[in-house]
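Below: the structure, in structure tokens.
Values quoted throughout were computed directly from the atomic coordinates according to the rules given, and no laboratory measurement underlies them. As the structure is a prediction and not an experimental result, all values here were calculated from the model. No Cβ is skipped: glycine too gets one built from the backbone with ideal geometry, and neighbour counts run over all protein chains shown.
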Amino acid sequence: MRSIRSFALLMSMFMCCAPLAAAPDAALVAPQDLILAIRAKDDEATRAAAARLQAAAEAGDSFAMYDIGSLHRQSGRKGAAVFAYDPGKALKWLTRAFDGGRLTAAYKIALTYAAIGDDMEAMGWAQVYSHFMRPIEQRQDRQSQLRLALLNDLYARVGHDREDAIEARLMTLLDKHGPSFEAARDR
């Protein structure tokens with residue numbers, strides 16, 4: 001029973017893996033590919049799964065982009081053979097995933113910037129996430145609590161007196177990434 005819960009928790013961290021419908025030229029990614037990449041062993045099966053994830057991401061699969069970005073941002077994965085901790089790559093793939101319609105990518109972008117000490121950029125992305133979450137948020141769930149905790153932490157680090165700078169960063173990010181996110185989300 002514990003392994004089932006662990007697997008469910010692990011899969012919820014990655015918000016599932018394979019798209020329901022992919023673009024005609026996009027490679028399909030099987031859930032097993034993500035599981036193999038997570039296990040972080042340096043063997044042929046893991047490298048092949050990573051190659052399929054990479055190919056799908058490069059072909060425009062926002063789910064694969066999200067998964068790759070998520071794997072690169074996890075510093076706690078010891079011995080990550082294929083997707084080692086790399087905040088730069090994490091930000092690259094998570095930003096592309098957000099532009100491809102994955103809302104939760106904005107939250108992980110905020111966490112990544114916070115982890116590397118860029119609090120203002122983290123605040124901007126946390127605000128972007130909040131901006132798009134509000135219309136679909138119906139209740140106080142775990143995700144809402146995590147979002148509020150992140151915002152409170154960032155406000156404490158950035159300072160409440162920087163509202164103008166925070167709002168300016170939010171508007172810049174919405175202008176740059178909002179239209180592509182909304183277009184992808186609406187598809």
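What the table shows:
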item: Spin-label zone in the range 97-132 - amide nitrogen under 20 Å from a point set 7 Å from the Cα of ALA165 along the C-beta vector; result: 110-129
item: Additional length obtainable on full extension of the chain from GLN145 to ALA51, 0.36 nm per residue less Cα span; result: 30.3 nm
item: Nearest-20 debye value, the range 33-187 charge dipole, Cβ charges on Lys, Arg, Asp, Glu; result: 440
item: Semi-axis lengths, Å, the range 82-126, gyration tensor of Cα atoms, sqrt of 5 times eigenvalues; result: 15, 15, 7
item: Dimensionless Rg/Rh of the range 95-187 - Kirkwood Rh, Rg from C-alpha atoms; result: 0.95
